[in-house]
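Undergrad: Before anything else, here's the structure in question.
The values are calculated or read from the model by the stated rules, or taken from the named source; none is laboratory data. Bear in mind that the values here come from a model prediction, so they are computed numbers and not experimental data. Positions of Cβ are backbone-derived with ideal geometry, glycine not excepted, and every protein chain shown enters the neighbour counts.
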Amino acid sequence: MQFIDKTDLKLKAGNGGNGIVAFKREKYNPLGGPSGGDGGKGGSVIFEVDTNKSTLLDLRFAKAIRAKDGENGKTNNMYGASSEDVIVKVPLGTVVKDLDTDEIVADLNTLDSREVICEGGKGGKGNYHFKSARNSAPDYCTLGEPGQERNVLVELKLLADVGLVGLPSVGKSTFLSVVSNAKPEIADYPFTTLKPQLGMVKVDDSSFVLADLPGLIEGASEGKGLGHEFLKHIERCRLIIHVLDMGHEDPITDYQVINEELKKYPGNLEDRPQIVVANKMDMENAEENLKKFREHYPDLEVFETMTLINEGLMPVLYRAKDMLKELPQFPLYDPKKAEEKVVYKYEKPEDFTIHNEGNGVWRVEGEKIERLFHNTDFSDDDAVLRFSRALSKMKLDEALREKGCQNGDQVFIEDYSFDFVD
């Protein structure tokens, strides 16, 4: 199966159905009154973990996902049907990011993870809701709210406890195949690993998930080689096993190159504890290279292994097991860089904000006023009058006048313009 771990999607939740204007027309009830029902809720777009999936291949060519709109209200005070939600199945470890705001909207990292990414619009109200002692036969209703819309990046970041890193052909794949039931491709040429491989490692009564990533090279964090595409998969790892080829001419430089790439990658990978493995100790110059390495890093514990013949691996696994007992989960995002949030007291948000765009053009924004705008049917004179009265109660005209809005200026709410009449 092709391994796809990143894709862009355009998501659109369903709009709410419109309320309707209706009156009872019964033979023996001539004054039945208003009976317009409410519109149904639009379907939401929901992401849900599916343990049978291991890649985002199903979403690769689904550039847009849209839920259906809710039905309009019906007579006799009957509600319009709400639309079903669209459930998008994704692998465990999927992260959803809003491309317009650069905000993480969901991190599906548990088996029961289920997140509403785009909320369906609420249905409009039928004229039955507006009946009162002063108006026993209202002939207006409200429209349904628009469903939420988002452009998102869907990215898979594998859930592994331990990640194997190192230059190409240092023996990572062999290490994984020996200590777990994974079957990665193994060959005597670089970049045999073209996608991350996971294996379950059992040590006595404990177990952990080990991930083998494509080999890193210098410049991987900047996009060189293959490994840069997969560094994100060790962002969740609590521990890194750093494999070195002691038969190589300069393991000291190799060690520094990999650590520098981990440091440059924006995922706090340099904060992960490491177990250093000196592999291929059967090579001719391995003993001499290991001696130089230990002299250069006298305080660094180094495990000698020969993965090809399964020698020296158990001490590494026992050390990993002991370290994992003490290591907490690493957050995906650096809390040091997050803005400190201090809660003081609740302040009622403004109904709207006004922006002067110059040349007699003004723009009004705000959740309350935009919701009122979307709920208004501008083909209905009574609905327009109610909209105008609501704006007057908000004192929008006074606020525009104070900002310098003149008679005849254009006032925009979203993409619609109104003439300001003083």
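Undergrad: Which of the residues belonging to region 386-416 are of a type in the set (S, T, N, Q) and either closer than 15 Å to Thr376 by Cβ or in contact (Cβ under 8 Å) with a residue 40 or more places away in the chain (or both)?
TA: So the first thing to find is which residues in region 386-416 are of a type in the set (S, T, N, Q), and the list is 388, 392, 406-407, 410.
Across region 386-416, the qualifying residues are Ser388, Ser392, Gln406, Gln410.
Undergrad: Against the definition (part of a strand (DSSP E or B), surrounded by fewer than 16 Cβ atoms within 10 Å (Cβ to Cβ) and in the same structural domain as Tyr79 (by TED's automatic domain parsing)), how does Asp8 come out, yes or no? Give the derivation first.
TA: Numbers: part of a strand (DSSP E or B): yes; surrounded by fewer than 16 Cβ atoms within 10 Å (Cβ to Cβ): yes; in the same structural domain as Tyr79 (by TED's automatic domain parsing): yes.
Yes: the conditions hold for Asp8.
Undergrad: Can you tell me which residue is surrounded by the most Cβ atoms within 10 Å (Cβ to Cβ) among those in region 263-288 that are in contact with a Lys or Arg (Cβ under 8 Å, 6 or more places away or on another chain) and assigned to a helix (DSSP H, G or I)?
TA: My answer is Leu269.
Undergrad: Any idea how many residues of region 85-110 are part of a strand (DSSP E or B), within 12 Å of the chain's Cα centre (by Cα) and touching a residue at least 24 places away in the same chain (Cβ under 8 Å)? If you could, list the steps in order and put the result at the bottom.
TA: Residues of region 85-110 that are part of a strand (DSSP E or B), as a first pass: 86-90, 94-98, 103-108.
Checking the rest, the ones that are also within 12 Å of the chain's Cα centre (by Cα) come to 90, 94-98, 103-108.
Add one more test, that the residue is touching a residue at least 24 places away in the same chain (Cβ under 8 Å), and what stays is 90, 94-98, 104-108.
Matching residues across region 85-110 total 11.
For every residue, the table says whether it meets (1) touching a Gly at 6+ places or on another chain (Cβ under 8 Å); (2) surrounded by fewer than 22 Cβ atoms within 10 Å (Cβ to Cβ); (3) in contact (Cβ under 8 Å) with a residue 24 or more places away in the chain; (4) among the β-branched types (Val, Ile, Thr).
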| residue | (1), (2), (3), (4) |
| --- | --- |
| Ile20 | yes, no, yes, yes |
| Gly40 | yes, no, yes, no |
| Gly43 | yes, no, yes, no |
| Leu57 | no, yes, yes, no |
| Lys63 | no, yes, yes, no |
| Ala67 | yes, no, yes, no |
| Lys74 | yes, yes, yes, no |
| Asn77 | yes, yes, yes, no |
| Gly80 | yes, no, yes, no |
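Undergrad: Would you please name the residue that is farthest from Asn135 (Cα to Cα), looking only at residues in region 355-393 that are buried (at least 18 other Cβ atoms within 10 Å of the Cβ) and among the aliphatic types (A, V, I, L, M)?
TA: Ranking the candidates gives Val364 first.
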